Every structure is written in C-alpha cells, then in structure tokens.
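The values are calculated or read from the model by the stated rules, or taken from the named source; none is laboratory data. None of these values were measured; they are calculated from a predicted model. When we count neighbours, we look across all protein chains shown, and the Cβ atoms used for this are built from the backbone with ideal geometry, even at glycine. These accessible areas exclude ligands, DNA and RNA; they are computed on the full protein's heavy atoms, side chains included. Shrake-Rupley method; radii C 1.70, N 1.55, O 1.52, S 1.80 Å.
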Amino acid sequence: MRLDRRMCYDIMKQTEWEKGKFSPKNRLHEEKEYVPMLLYRTKIALPGPEGIGENPLPRFRDAKHDRDVTTNGSFTEKENRLLGSECGARVLPYRMQDVYTRERQPIERDAIVMENEHLCAVFLPWLGGKLYSLTEKATGRPILFTNPVFQPANLAIRDAWTSGGVEWNIGQLGHTFTTCSDVFFAKIRPENEEPFLRMYEYERQKGLFWSIDFHLPDGAKALVAHVRVVNDDKVEKPMYWWSNTACVETEEARVFSDTDEVIYQDMRIEKTEDGHDKYVSYGFGVAKLPDCTEKDGSVHGYFDASYSMRFPRANEFFFQTPEDVKYPWEAVSYKDGFMFLEKSTQALRYRKMFCWGHGRGGRFWCDYLAEPGKGDYIELQAGLAPTQVHGYRIAPESEIVFTQAFSCAHVADPAPMYGEYASARMAAKANVGAALSDEDVEAMDARARRLHDDDRAEVEIWHHGAGWGALERIRRARQGRGIPAGFWFEDNTLTAEQKPWLNLLENGRLGDARVSEFMVDERWKALLEGDDSDAAKLHLGILHMEAGREAEAEALWRQVGGEYKPMAERNLAVLCQRRGDEEGAVSHMKASLAAGGDREDAAYTREYIQMLLTLKRYQAAWDAFAAAPEETQKDDRVSILAGVAAIEVGEYAYMDEMFRMPHAAVREGETSLTDLWFRREAAREAEKRGVKVTDQLVEEMRHTLTPPREIDFRMS
C-alpha cells in the first residue's frame, strides 16, 4: 500500500509499530515549525481485485416486509416495539455487487487526507467514503484497524463488503448500498475557519438525502463526523443508521459503554441424541454484562463477555443506553493503557460490539478479509435503534442530525480497567470523559451545525458519486421543486446509466439504449405507463413487483420480447417461486436461457441450477453446469452450486477440484463448503467400509474430522 509523500505516515507501518520496530517520522514535527490543518487529495495503492461487477438481474424485496425475530422471552413490551419492522431483505433499485475474485494485484485509487498536528485521517471516496485510517501522529499508532488490502467479501446488502476503518450505513438493515461504491466529496471553505469535508449522496431506495461533515480543526484531538439525514417528502419513511468502526483486536482488548444492560444473541450448548455438543440459538435476549448466564446453560456464563477474544463463536451485544444519557460513548481499552473511544450527541443513542470469536472459523474470517495474521479486528457500532433488527422511522419533512467524535487516549494506569467489571466500566467512563468531555462534544456539535448552515462558504467538488442525485434534481425541477440545501448534484455526473431515464423524463420514452438500471420509485410509474416499449414493460413490471402488485407485473412480463425477454422470463420464474410453483419456475428459467440468458450473464445459469437443486434434480443441475459456457463455469457461486450436484451424482473428481479453488462468494454464516466437504469425506469412508453414505456417517465425519482451513467459514 502506498500514499504519496505528503501523507503524514505510511499507515502500513502499523504492523511494525505493533512489533515495537516502528519509529514514527512526523513530517510536521521534523520541520520544527507550525503547519496549519491540511486537506488534500492523493492516491493510495492497495493489493486487491481490479474491480467489482454487478449482477444484471433485479433482486426483489422479501414478500414479507417485516422480519420474524426470535427472542428468548426476556423482552419487555417496550423492547418488542418495532422489532423486525421493515427489516426484510431489500435491495432494489440497486443491483447486487457479486462479481469479484480473490486474485489480487496492485491497484491505485483516490484518497482524501485530512490532518492537523495531532491526527491524520484518510478517506476512500470510491469505497463508500470509508474512513480508511485514523492515525495518532505523536506516536504513529493506528487508532483504527486499517486493512492492508482491498478484498471484497459477501457480507453486505448488495454482497460486496470490506473490513476495516469506519463505515457509514444508511437506509436498510445491513452493510449499506454504497459501501463499495463512489460517493460525493466536497471541500467546504467557510470564511475565517478551517476547511472541512462533506461526504454526501442521494439514497434512492427511501428517497433520502444524507451527508457527513468531517472536521479536524487546528488543535483538535478528535475527528468529528456531523451527520444529517433529510426526508423532505410529506410521508414518514423507514430509516436505518449505524456507523461501524473496526478496532484492533487483542486478547486483552476490553469493550465498555455507558451501560451494562445489553441485548445479545443467546446461544447455548446442548447435547445431541448421540451425545455431541451443539450450539442452539434461542434468539435475542436481555442481560447484564459481563455475565450473560442463563439458568439452563447459556455459553456466556463461562467467561467475561467484555473481552471479545474470549467468545467461543461470533456474537453481538447491543448496549441499551439509558434515555437520560446525553452523550453516549463506547471504548476499547488495551493492556498498555491505549484506548480507542468514540462519543456522540444523544440522537445516536445505542451502541454495539460485534466479534468473530476465538473459534477457527471466526479467526479465518478475519484473515480472509485481510491477510493471514493481519486481520484481527472487533467492531464497535453506533445506531439510532435498540438493535439492528428494530425498525426506526424518520418523520415527514424532517431531519435527523447528530455528531459523533472519534479519538484515542493514553491512560497512565490502565489497571483499574482490568478489574471487576462494574468498577472497570466506571474507570473507563472516567478516562473517556477526561479525553473527550461532554462539553467538548457539545461544542463540536454546535460548531458543526453552525458551519453546515453557512451558505457563504466556498464549495469545491472533489469526487463524484452516481448520477441519480442529478436525475432526481432534474425530475423535481420539472415539478417546480428543489432538493435540500447543501447537496450538489451536477449535470456532468449523469452517465449512460441515467440516460434512458432522462429520456423518459424529457421525451416520454426510455429510448433505444439498453436499460440496465432499475427504478422502483412510484413517482416514475406514470411515465413508464406512457411508454409501450419492451423496455418500459419490463421495468414497469419490476416496479409493480417491488410494490407487491404481482398480477400487474406478470401481465406486463408476458408481453415482453426481444432483448429483454431473458430477464422477463427470469422474473416470471421468480414470481412462480413465490407462489410455490417450482415446476413453473424451472420452465420459465429454461425459457430465459433459451432466449439467450445463458450467454448474457452467468447469473441466469446460477439461478437455474439453484432451482433444480431445490427440486433435488441433481443430475439435471449437473448437466446444466456441464452445458454452460466456460466463463459461466468459472463463476464462483456456480462452482459451489455445481459441487452440491456433483456430490449427489458421484462426480467426486470435480468435488476435489472445487475444494482447491479460491472462493470469494461465501456468505457470512454460510457453511456450504464445509457441509460438502464432510459429505465428500463420508463418501470416501463409505467406499472403504463397503457401505452406503448415511446421515449418521456424515455426522460421524463432522465430529471426527477437521476440514481444510481455507474452506472453513463456520462461525461456531
């Protein structure tokens, strides 16, 4: 990884620092002169795949908009309020970002650096505006976990996600829509004040405008993030916000917040019929840290849950900050007295700790997302709702505004933070307050609000996001309505993705260019209804389907021909699946492939094979894989699905080859590869014993064999 020479540190030196070998060379201190706050653009080089491709097929939202959330019976009526509300999976109008590999090469991308005499912050505008690194300049110590590579993995709403730094999640449950996309950055220069950064974007799914102003004035020892989310429509909308901070994880790292009351995942060890231990989920429960023991044997009774490395498996704890706490906080203490800390205004009330656990799979996930031995991190998060599966609402014609500050501290005597939990938490609270007082945060918030509203400031756009904000601005202008102040979406951000929709807006037709992007905002419905082209029928059907109007969608898709027929047939297949008509789904997917879908994109074959596997038509699924174009066979997810078919039809040579492939598509919590590996080993053992493969033999392999680490993504 490389930044240009103006960067205050080579932040990859963090591993050298941890080994005690790094002696920081502070450019500002070396020059022995005062240098004011700097804000500049540069380049960063990271090893990683060249890019991330998108799936051409629409991923329709769950038919059930609310999510069924299991609890262990400990929730009160208040804690059950809005539980699961609007938490069903939802992606459109965005497309899945599920095409990438684990083949790394040096790539160079834009970076924006903000530094004063105390801190250096690096932002990656092409990676969702991630705060990639935050460094304490006096010591050269990284305040955050800084990932040494760019490696997407399947953990986000749209699939691709990267670990490290601070991520800003808005709109819908999960790692956000733009986490692996470009967003807007502007340099704002107020009169007689240091310049600051504004990151912003138009969130298309909910029709919200959001921005984050980053401040690091001279003398400041905390990076300030001032968040504004605007709903300027006349209807209430579901909302979601969680900032996600990755901190370095060590065996003695200890997490604290302003309360010991938590909502957590209640996982218990129980015995199977054959006497083996098995994790059983009882859903979410309410408890007090550090001991989350249940009378009937929750695993959390065996360790102090404030130490993330002591967890046997991945878990999460949501700190239920009391209503009277005006400035919520969360911190990680380290044995040498170093602390990471963040603090906010009251609107951002709740906190969360997520850890991968010390199990084999959890440690592999950390390495898989980074490099072997360099990926250990713990997530500290801050959000608006009690948990991430609690709904939240933004009122009509309103704003949500809050300020969050990120900093560090050096504690002369860290011992009190390593004693009994209750007293340790109070010691941590005192240390956080000494480093970043309530009055400090109040002043930071007041300053950020004042500068945000300064319409005399000079604005320079430094990085462009997508053109959808400009399209929305143009659409509104035709109705005599503007967009909120403080957002700049220029015409030069419009690209071929928006061109058909601009044509529809201006000429009443999508035009001749291929329409590859989706629009599910009801305000485009009437315009689509005025266009009788195949493209308009396809996309109007998608809009209807997303709104739950299945009959209208079906009628339109049955009329679609030409170049849009493969997608129309595929959409009809999805509709059949929702209705429980698996035979109809397979029939329509066959028609989709016959119309050219198999040559258009691997996604079509991927879904066809999955449908055949659902019907347990293993030979047909294997034959579909064998007949697919060579490029499709190389698709990561297709190869895994082919493995499911191969084990059933005895194609063991392919199985062994598949296990040697570097897989990038495995989803968080997915166990498909290890499940297949145990079945493959059961087949080997059955051949030795001269018996048939049984479920009992597979379970025997599961409890007696250890799968290769590179395919073991199990989280327990």
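What number of residues in segment 248-263 are assigned to a loop (DSSP other than H, G, I, E, B) and either of a type in the set (Asp, Glu) or open to solvent by less than 30 Å² (accessible area, probe 1.4 Å) (or both)?
Of the residues in segment 248-263, 7 are assigned to a loop (DSSP other than H, G, I, E, B) and either of a type in the set (Asp, Glu) or open to solvent by less than 30 Å² (accessible area, probe 1.4 Å) (or both).
Residues of segment 151-168 being part of a loop (DSSP other than H, G, I, E, B), of a type outside the set (Ser, Thr, Tyr) and closer than 17 Å to residue 54 by Cβ, which ones?
Once the filter is applied, which keeps residues that are part of a loop (DSSP other than H, G, I, E, B), of a type outside the set (Ser, Thr, Tyr) and closer than 17 Å to residue 54 by Cβ, segment 151-168 yields 152, 157, 158.
Quick check on residue 618: is it among the aromatic types (Phe, Trp, Tyr) and within 23 Å of residue 61 (Cβ to Cβ)?
When the stated conditions are applied, residue 618 does not pass them.
From 137, 206, grab the single residue that is in contact with a strand residue (DSSP E or B) (Cβ under 7 Å, 6 or more places away or on another chain), more than 23 Å from residue 385 (Cα to Cα) and of a type in the set (Lys, Arg).
The conditions single out 137.
Go through segment 569-641 and tell me which helices (runs of 4 or more DSSP H), entirely inside it, have 3 or more residues that are at pLDDT 95 or above and surrounded by 15 or more Cβ atoms within 10 Å (Cβ to Cβ).
Correct list: 582-592, 602-614, 618-627.
Considering segment 462-472 alone, what residues qualify as being more than 14 Å from residue 499 (Cα to Cα) and touching a helix residue (DSSP H, G or I) at 6+ places or on another chain (Cβ under 9 Å)?
464, 465
Does residue 648 satisfy being under 32 Å from the mean Cα position of the chain (by Cα) and over 19 Å from residue 56 (Cβ atoms)?
Answer is no for this residue.
Can you name the condition, by its number, that residue 16 falls short on among (1) at pLDDT below 95; (2) part of a loop (DSSP other than H, G, I, E, B)?
Unmet for residue 16, out of (1) at pLDDT below 95; (2) part of a loop (DSSP other than H, G, I, E, B): (2).
Determine, yes or no, whether residue 269 is aliphatic (A, V, I, L, M) and in contact with an Asp or Glu (Cβ under 6 Å, 6 or more places away or on another chain).
When the stated conditions are applied, residue 269 passes them.
Could you please find all residues in segment 454-510 being touching a residue at least 40 places away in the same chain (Cβ under 8 Å), part of a loop (DSSP other than H, G, I, E, B) and of a type in the set (Val, Ile, Thr)?
Hit for segment 454-510 is 483, nothing else.
Output the residues belonging to segment 314-334 that are out of contact with any helix residue (DSSP H, G or I) (no Cβ under 7 Å at 6 or more places or on another chain) and within 18 Å of residue 376 (Cα to Cα).
Within segment 314-334, 315, 316, 332, 334 qualify.
Please give the number of the condition residue 665 fails out of (1) of a type in the set (Gly, Ala, Ser); (2) in contact with a strand residue (DSSP E or B) (Cβ under 7 Å, 6 or more places away or on another chain); (3) without any contact (Cβ under 8 Å) to a residue 60 or more places away in the chain.
Looking at each condition in turn, residue 665 falls short on (3).
For residues in segment 67-104 being in a loop (DSSP other than H, G, I, E, B) and β-branched (Val, Ile, Thr), which is surrounded by the fewest Cβ atoms within 10 Å (Cβ to Cβ)?
Among residues in segment 67-104 that are in a loop (DSSP other than H, G, I, E, B) and β-branched (Val, Ile, Thr), the one surrounded by the fewest Cβ atoms within 10 Å (Cβ to Cβ) is 76.
Could you tell me whether residue 525 is surrounded by 14 or more Cβ atoms within 10 Å (Cβ to Cβ) and within 22 Å of residue 208 (Cα to Cα)?
Judged against the criteria, residue 525 is a match.
Do we have residue 438 as of a type in the set (D, E, K, R), touching an Asp or Glu at 6+ places or on another chain (Cβ under 8 Å) and either farther than 21 Å from residue 248 by Cβ or open to solvent by 60 Å² or more (accessible area, probe 1.4 Å) (or both) here?
no
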